[in-house]
1. Check cross-link reach from residue 39 to the lysines: straight Cα distance under 19 Å, and skip same-chain residues fewer than eight apart.
2. Taking amide H positions as placed in the peptide plane 1.01 Å from N, state which residues far from residue 340 in sequence (5 or more) or on other chains have amide H under 5 Å from it.
3. Assuming 0.36 nm per residue, please report the length gained on full extension of the stretch residue 232 to residue 182 beyond their Cα-Cα distance.
4. With +1 assigned to the C-beta of every Lys and Arg and -1 to the C-beta of every Asp and Glu, and no other charges, what is the dipole magnitude of region 202-307 about the Cα centre in debye, to the nearest 20?
5. Report the normalised scattering of region 12-56 as log10 I(q)/I(0) at q = 0.13, 0.25 Å⁻¹, calculated by the Debye formula with identical scatterers on the alpha carbons.
6. Could you work out the relative contact order of region 180-288, using alpha carbon pairs under 8 angstrom and six or more residues apart, expressed as a whole percent?
7. Which one of 144, 179, 169 is farthest out on the positive end of the charge dipole of region 134-184, using unit charges on Cβ (Lys, Arg +1; Asp, Glu -1) and the Cα centre as origin?
8. Check which residues have an amide H placed less than 5 Å from residue 257's amide H, if you skip close sequence neighbours.
Amino acid sequence: MKRIAILGSTGSIGTQTLEVVRTQADCQVTALAAGTNVKKMEEQIREFHPLTAGMWTEEAAADLRTRVADLNVKIVAGMEGLLEIAVLPESQVLVTAIVGMIGIKPTIAAIRAGKNIALANKETLVTAGHIIMPLAEEHGVSILPVDSEHSAIFQSLFEENKSAVEKILLTASGGPFRGWKRRQLETVRPEDALKHPNWTMGPKITIDSSTLVNKGLEVMEAKWLFGVELDKIQVVIHPQSIIHSAVQYVDGAIIAQLGTPDMKLPIQYALFYPERRYMGGKRVDFFELGRLTFEKPDTETFPGLALAYKAAKAGGSMPTVYNAANEKAVALFLDHRISYLKIADIIGEAMERHHVISNPSVEEILAAERETYEYVQEGLLCK
């Protein structure tokens, strides 16, 4: 029996993880955690019967306790609740599908408790990869990527000598504005940016995909996951989203993972690795597809990707600033308070003013996040 706990169970990755669980008779949900969506959490508890469920606020947790008073489930709240779920003795795998840097502390706790991590929380490695990866090695814990691109790289590296890797080819769809120029982006609204051509994702990651910031975060994540230098990670725009990423070796061979754009595939692979299991759904039909195309990313129109490489090269606390400034800027854009093009401007401005801490602790990472949030908010109020 595969026993899993899910942080972020009511979000896009969390709900798709539960879709996978429904198809597997030997999979048990031991714990669930979410933000404030009490109604959906109640539905999940009644269907999957976890031992523990957590909400981010005490108010939401109190509401949930009332709703599920007839069930034998423990309701917890806040960071304390996430940490309790992370180390739950009854679970083997922790799915970190929660959004933001609140995922760092529970991931660290789970690793120390010997849990394997199915990682869908980019911020954990982007900001704390220098802490997470050595800790996982120390405790003999597997970090199994849930992102489609990182899962594809992981599968393409299977049983290969990493010293033979010449280049990682990290694919990107290009988002809804592929081929656009800056003047066309001046009037983009949130509802425009939320129309991704291939993938169904949450609002923040969908906006990040459109700005190429998501790909920048994935570059930083790949650096830590696979132990490669930045100059060995090349972003390739692939509009069809059929090749999910690839690895080029020193002999010129390229090994890629292909499939339809469906997040359930990498989720299932992470949960049951190294076993491959049947999964229903549409298959790639090359005759129907006709062709696959590739382009260079336009970093002048979409500077978020270039800023990510800059942040990664600076290292230390700079990736935290990149991530936090983007997180705040995206929230402001979704609230119609800034323009689309201002997102990258805010990231660049926050990075310019930051003094890098070379080897930040978790507390210093979280402090850099808070300071960046404050800087972005104060800048908005002063204009």
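Values quoted throughout were computed directly from the atomic coordinates according to the rules given, and no laboratory measurement underlies them. Since the model is a prediction, treat every value here as computed from it, not as a measurement. Here the Cβ is made from the backbone with ideal geometry for all residues, glycine too, and neighbour counts use every protein chain on show.
1. Straight-line reach from residue 39, under 19 Å: 74.
2. 188
3. Working: separation 50, 0.36 × 50 = 18.00 nm, distance 2.85 nm.
Going from the current span to full extension adds 15.1 nm.
4. Values: 11 positive and 13 negative charges, 78 e Å.
Roughly 380 debye for region 202-307.
5. Listed by q, the Debye log ratios stand at -0.26, -0.95.
6. Details: 65 pairs, mean separation 16.3, N = 109.
Once divided by the residue count of region 180-288, the mean separation gives 15 percent.
7. 179
8. The answer is 244, 245.
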